[in-house]
Amino acid sequence: MTIPTESIGSLPRPRALQTALAEHAEGRLGDAELATLQQQATADTLNRLEKLGCSVLVDGEQAKPSFVTYPLAGLTTLAPDGAVIPFADGHTRQLPRLTAGPFRYQVRAESYLREARRHTDLPVKQAVIAPSALSLLYPAESLADYSREEFLRDLADEAEADIRGCLEAGAHRVQLDFTEGRLALKLDPSGGVLQDFIALNNLVLDRFGEDERARLGVHTCPGADHDSTHSLDVDYAGLLPALFRLNVGNYYIQLAGEPDPERVLAIIAGQLRPGIRVFVGVTDPSAAAVESPEEVRDRVLLAARHIPLDQLGTTDDCGFSPFADDTSTSRDLAFAKIEARLRGTALASQALGL
């Protein structure tokens with residue numbers, strides 16, 4: 001037995017793909033040319049992860065515009081002036097706003113998974129966006145002929161189909177990205193928005209059987225965009241008990257960037273239940289320095305003091321460059337951090353006699 005370790009999902013795009021994305025946005029590059037470069041970047045990502053020794057691969061989300069907006073590509077009933085997400089360094093991200101129903105995904109995550117599996121025989125994890133994040137698309141004022149209740153029913157159906165398609169396409173694991181969980185407490189300290197998010201996500205998750213939920217996971221972090229966060233100042237103690245009510249078998253929890261990781265580990269330990277695994281973050285994608293394997297080892301050993309070994313895993317705090325236009329982290333730096341995670345987790349496994 002060794003401690004399992006997995007990536008979150010997104011990785012920086014190669015420079016050629018970054019250039020192509022800009023040219024495509026300006027109308028100077030066609031869809032087919034862009035798709036070819038995305039396929040090449042996906043194959044390169046999988047190959048590099050395999051060479052590092054990853055036992056579970058991700059495609060690096062090389063073909064996604066972002067981890068959150070991929071289902072919307074081509075949807076015509078959107079306006080650009082949706083919810084604004086402020087980050088600590090002053091920059092913002094703005095979601096689109098739904099202008100009419102019915103709501104339907106235009107792209108499903110299984111398409112990325114099927115492309116990835118063409119390039120490897122190793123297990124592949126697929127990240128999907130949590131329905132709670134997409135619930136922010138609905139405007140504050142109700143739409144004519146399409147109520148919020150109708151939207152949420154459609155959203156739940158679409159999110160279920162997104163997850164189920166990945167399971168049926170052979171995903172090793174399907175991970176819901178839930179970075180809006182901690183942000184919800186910043187937007188509404190009473191916790192009402194967070195409880196709504198949990199209820200909506202569980203409405204979808206409860207449609208899956210026990211064996212299926214064992215292959216599902218949820219990821220939480222305070223955001224990681226242009227090396228900045230949107231909710232690191234929110235106390236984890238308000239989020240984690242709610243997070244562990246989500247009906248999944250795996251939890252991917254940002255930890256390396258926390259100012260007091262042992263306090264967070266104590267909270268996690270108090271929420272454990274049989275049959276789940278907690279992957280704790282042992283590298284910080286927003287930090288410029290590459291963690292040493294020994295530093296990672298020590299973070300894993302600290303976590304092992306609070307989490308039983310048969311329930312412990314390691315991961316990165318967040319995805320790297322989850323938005324396609326984020327060039328703050330180089331591709332080589334991201335792979336160096338992943339290598340440190342792999343080596344450090346192996347050192348910890350040896351130290352623990354596994």
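All C-alpha pair distances within the stretch 119-221, sorted into 5 Å bins from zero, spread as 2, 12, 21, 22, 18, 12, 7, 4, 1, 0 percent across the bins. Among 344-354, 171-181, 72-82, 131-141, the peptide with the highest mean count of other Cβ atoms within 10 Å heads the list, and the full ranking is 171-181, 131-141, 344-354, 72-82.
Using R0 = 35 Å, the C-beta based FRET efficiency linking residue 35 and residue 212 works out to 0.70. Converting phi to 3J(HN,Hα) with the Karplus coefficients 6.51, -1.76 and 1.60 and the offset θ = phi - 60°, the stretch 145-158 yields 6, 7, 6, 4, 5, 5, 4, 5, 5, 5, 4, 4, 5, 5 Hz in sequence order, with x at every glycine or proline. Using 1/(1 + (r/R0)^6) with R0 = 22 angstrom and r between the beta carbons of residue 196 and residue 247, what's the FRET efficiency to the nearest 0.05? The computed FRET efficiency comes out at 0.85. When DSSP beta bridges are restricted to pairs lying wholly in the chain, around 25% turn out antiparallel.
Modelled spin labels at residue 56 and residue 271, positioned 7 Å past Cα toward Cβ, are 1.8 nm from each other. Cβ screening of the chain for cysteine pairs under 4.7 Å finds these without a partner: 54, 166.
Using 1/(1 + (r/R0)^6) with R0 = 35 angstrom and r between the beta carbons of residue 148 and residue 92, what's the FRET efficiency to the nearest 0.05? Efficiency at R0 = 35 Å is approximately 0.90. Over the chain, the alpha carbon radius of gyration divided by the compact-protein estimate 2.2 N^0.38 Å works out to 0.94. Once the chain from residue 161 to residue 336 is taken as fully extended at 0.36 nm per residue, the excess over their C-alpha distance is 59.5 nm.
Candidate cross-link partners of residue 337 among the lysines, defined by an alpha-carbon separation under 26 Å and a same-chain spacing of 8 or more, comprise 51, 64, 125. Shape descriptor for the stretch 217-350: Rg over Rh equals 0.95 (Cα atoms; Rh from the Kirkwood inverse mean 1/r). Using the Cα centre of the stretch 15-351 as the reference point, and only Cβ charges (+1 on K/R, -1 on D/E), how large is the resulting charge dipole? Debye, rounded to the nearest 20. The dipole of the stretch 15-351 has a size of about 740 debye.
Give the residue from 244, 156, 348 lying farthest towards the positive end of the charge dipole for the stretch 15-351; charges sit on Cβ (+1 for Lys and Arg, -1 for Asp and Glu) and the dipole is referred to the Cα centre. In the stretch 15-351, that residue is 348.
None of the figures in this text is laboratory data; all of them are computed from the coordinates on show. If you're wondering where the values come from, they're calculated on a predicted model, not measured in any experiment. Here Cβ is always computed from backbone atoms with ideal geometry, including for glycine, and neighbour counts include all displayed protein chains.
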